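**Q** Sharing a structure here in structure tokens format.
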Amino acid sequence: MNAVRSVLHRWRLVLAGILVVGLLVGGFAVAWFSSLLSVRSIEVQAAPSVPEEAVRGVIGVPGGTPLLQVDTHDVAARVAGIPKVAEARVSRALPSTLRVEILERVPAVFFDAPGGSHLMDAEGVVFAVEPPPEGLPRLVTDEPGEDDPATRAALDVLASLAGELRAMVLEARAGSPVDVRLALSDGRTVIWGDAGDSAYKARVAQALLTQPGQVYDVSSPSLPVIR
């Protein structure tokens, strides 16, 4: 008798499991295809330099598309293709909203080239041709670009600066990856050398600039020179 009860109990568990799986599969199928969970609104968190219309123009998800069928990675890739967008995040908000958040590119330098001033971010990506913001340093290299070692060195040096010294930089000139020079707004020059030990060099330069001189060489920060 106990054996019969045990068998019946196991069969009840099996049937209950099958029922749960069926409900889950059915529920997923309804969510996947149902118009109840379709895209009815798209929320865009735009940025000052990226018009919302430009973002909406590349999302490419028609209204009424089942929300679970939206490939969020594909949408994010299209939005990130906008030059001024550094990163895009796309998410679903049940029952019917697609959300798009963007992180805009921030100019680190500009360089002069045919067509006007080209804005470049800290990764070396050129993303706009327009007048630079006030106080943005000019970059001078032979071939400015994200694959240019001299450009990378200059950007790394600028990234190491902070506060008053950063605000004083008018121009970053890199004849090579080991010959970075900073022209300051008061006419003085800091010879930086390569981008190695930049945090140490920045502290040394900050101290040296309290002394009279025109050229401050911190390329060997343990033996700095003022001329």
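**Q** Among the helices (runs of 4 or more DSSP H) contained in the stretch 1-109, which hold 1 or more residues that are of a type in the set (Ser, Thr, Tyr) and at pLDDT 95 or above?
**A** In the stretch 1-109, 72-80 are the helices (runs of 4 or more DSSP H) which contain 1 or more residues that are of a type in the set (Ser, Thr, Tyr) and at pLDDT 95 or above.
**Q** Moving on. Within the stretch 190-203, identify whether any single residue is open to solvent by less than 60 Å² (accessible area, probe 1.4 Å), touching a Leu at 6+ places or on another chain (Cβ under 9 Å), polar (S, T, N, Q) and within 21 Å of Asp121 (Cα to Cα), and answer yes or no.
**A** Yes, the stretch 190-203 has at least one match.
**Q** Moving to a separate point now. I need every pair where a residue in the stretch 144-167 that is farther than 20 Å from Leu209 by Cα has its Cβ under 7 Å from the Cβ of a residue that is among the aromatic types (Phe, Trp, Tyr) and not in a helix (DSSP H, G or I), sequence separation at least 6 or different chains.
**A** From residues that are farther than 20 Å from Leu209 by Cα, the pairs are Pro144/Phe111.
**Q** Of the residues in the stretch 129-171, how many are in a helix (DSSP H, G or I), among the small types (Gly, Ala, Ser) and surrounded by fewer than 18 Cβ atoms within 10 Å (Cβ to Cβ)?
**A** Summing the residues that are in a helix (DSSP H, G or I), among the small types (Gly, Ala, Ser) and surrounded by fewer than 18 Cβ atoms within 10 Å (Cβ to Cβ) in the stretch 129-171 gives 3.
**Q** Does any residue in the stretch 36-64 that is farther than 19 Å from Ala77 by Cβ and open to solvent by less than 60 Å² (accessible area, probe 1.4 Å) come within less than 8 Å, Cβ to Cβ, of a residue that is of a type in the set (Gly, Ala, Ser) and not in a strand (DSSP E or B) six or more places away or on a different chain, and which pairs are these?
**A** Leu37/Ala31; Leu37/Ser96; Ser38/Gly63; Ser38/Gly64; Ser38/Ser96; Ser41/Ser96; Gly64/Ser35
**Q** Would you mind finding the one in Val126, Val140 that is within 30 Å of Leu103 (Cα to Cα), in contact with a His (Cβ under 9 Å, 6 or more places away or on another chain) and without any contact (Cβ under 8 Å) to a residue 40 or more places away in the chain?
**A** Val126
**Q** Separate question: Hey, Ala80 hits all of (1) farther than 30 Å from Ser41 by Cβ; (2) surrounded by fewer than 19 Cβ atoms within 10 Å (Cβ to Cβ); (3) not hydroxyl-bearing (Ser, Thr, Tyr) but one; which does it fall short on?
**A** (1)
**Q** Go through the stretch 107-124 and give me each residue that's farther than 26 Å from Ala207 by Cβ and surrounded by 15 or more Cβ atoms within 10 Å (Cβ to Cβ).
**A** Pro107, Phe110, Phe111, Ser117, His118, Leu119, Met120, Asp121, Gly124 - these are the residues of the stretch 107-124 that are farther than 26 Å from Ala207 by Cβ and surrounded by 15 or more Cβ atoms within 10 Å (Cβ to Cβ).
**Q** Please list, ordered by first then second residue, the pairs with beta carbon atoms under 9 Å, 6 or more apart or interchain, first in the stretch 211-222 and under 16 Å from Arg188 (Cβ atoms), second among the β-branched types (Val, Ile, Thr) and assigned to a loop (DSSP other than H, G, I, E, B).
**A** The qualifying pairs are Ser219/Val178.
**Q** A follow-up question, please. Here is a list: Arg89, Arg99. Which entry is in contact (Cβ under 8 Å) with a residue 40 or more places away in the chain and open to solvent by 50 Å² or more (accessible area, probe 1.4 Å)?
**A** Among Arg89, Arg99, only Arg99 is in contact (Cβ under 8 Å) with a residue 40 or more places away in the chain and open to solvent by 50 Å² or more (accessible area, probe 1.4 Å).
The values are calculated or read from the model by the stated rules, or taken from the named source; none is laboratory data. Since we're looking at a predicted model, the values are computed, not measured. Backbone-built Cβ (ideal geometry, glycine too); neighbour counts: all protein chains shown. These area figures cover heavy atoms from the full protein model, side chains too; ligands, DNA and RNA do not enter into them. Shrake-Rupley method; radii C 1.70, N 1.55, O 1.52, S 1.80 Å.
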